[in-house]
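Report on one structure; see the data block that follows.
The values are calculated or read from the model by the stated rules, or taken from the named source; none is laboratory data. Predicted model, so just to flag it, every value in this text is computed and none were measured. Heads up, the Cβs are rebuilt from the backbone with ideal geometry, glycines too, and the neighbour counts pull from every protein chain shown.
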Amino acid sequence: AQSVTQLDSQVPVFEEAPVELRCNYSSSVSVYLFWYVQYPNQGLQLLLKYLSGSTLVKGINGFEAEFNKSQTSFHLRKPSVHISDTAEYFCAVTGAGNTGKLIFGQGTTLQVKP
Amino acid sequence: DSGVTQTPKHLITATGQRVTLRCSPRSGDLSVYWYQQSLDQGLQFLIQYYNGEERAKGNILERFSAQQFPDLHSELNLSSLELGDSALYFCASSGQVPDTQYFGPGTRLTVL
């Protein structure tokens, strides 16, 4: 079975500052990892994913994440945030050999201040 | 736009009633997943179908059921509704299993 922990429930940051949203996972098998973003009153949009290969993955809107197997982490980063990045961010995991059901973290609210 | 459609967008009903939520996956996707998002439980996997057959079950109540039809659209049926069933219900689809899931806009269910 897999589990996900998002270490911060809220992250306030000023516009144009860098940000890191932390995600740790637990699994006894190889994993696929995802970050999704949810804007107010909207559905989940895929930001980026790690399936295999390079451990540094780049996504949409300038976000990137690094898969660290030894630390079982998949932290999300952006070098300079905009007001429009204010949203809820979810880290999710699924086992590489299973049905594909996603296990989500509790979410991190990113609040970008002017 | 993810290509996944869900209807209705909003649903308001009373306790004890039954509702049906509908999902159409992206063109070509064989797998459909249902998730529930609530303030106290977060995002939880309910059930998965692949090409018409149930593939996996999560924390789905016995009062809830789902099916996937030959045209690959899926329906989630919720019966004997309780106040605690009020939540946002998402459908997602994927081509391969496991692979990236693309989410629909959700159906917000309010039980009064």
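Side notes on the structure shown:
- Candidates B:22, B:55 - the one that is more than 14 Å from chain A (Cβ to nearest Cβ), in a strand (DSSP E or B) and among the charged types (D, E, K, R): B:22
- Within the stretch A:33-47, considering residues that are surrounded by fewer than 20 Cβ atoms within 10 Å (Cβ to Cβ) and touching an Asp or Glu at 6+ places or on another chain (Cβ under 9 Å), the one modelled with the lowest pLDDT: A:40
- Of all residues in the stretch A:58-114 being surrounded by fewer than 17 Cβ atoms within 10 Å (Cβ to Cβ) and basic (Lys, Arg), the one that is farthest from residue A:13 (Cα to Cα): A:69
- Residues of the stretch A:100-114 satisfying the condition of being in contact with a Pro (Cβ under 7 Å, 6 or more places away or on another chain) and within 13 Å of chain B (Cβ to nearest Cβ): A:100
- Taking the criterion of being surrounded by fewer than 18 Cβ atoms within 10 Å (Cβ to Cβ), away from every other protein chain (no Cβ under 11 Å) and outside any loop (DSSP other than H, G, I, E, B), the residues of the stretch B:70-112 that qualify are B:75, B:77, B:83, B:84, B:110.
- Scanning the stretch B:37-59 for residues that are surrounded by fewer than 19 Cβ atoms within 10 Å (Cβ to Cβ) and within 17 Å of residue B:108 (Cα to Cα) yields a total of 6.
- Condition met for residue A:16 (more than 22 Å from residue B:38 (Cα to Cα) and in a strand (DSSP E or B)): no
Here's the yes/no breakdown for (1) modelled with pLDDT of 95 or more; (2) in contact with a Leu (Cβ under 6 Å, 6 or more places away or on another chain); (3) among the basic types (Lys, Arg); (4) closer than 18 Å to residue B:98 by Cα:
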{"site": "A:76", "(1), (2), (3), (4)": "yes, yes, no, no"}
{"site": "A:80", "(1), (2), (3), (4)": "yes, no, no, no"}
{"site": "A:83", "(1), (2), (3), (4)": "yes, no, no, no"}
{"site": "A:94", "(1), (2), (3), (4)": "no, yes, no, yes"}
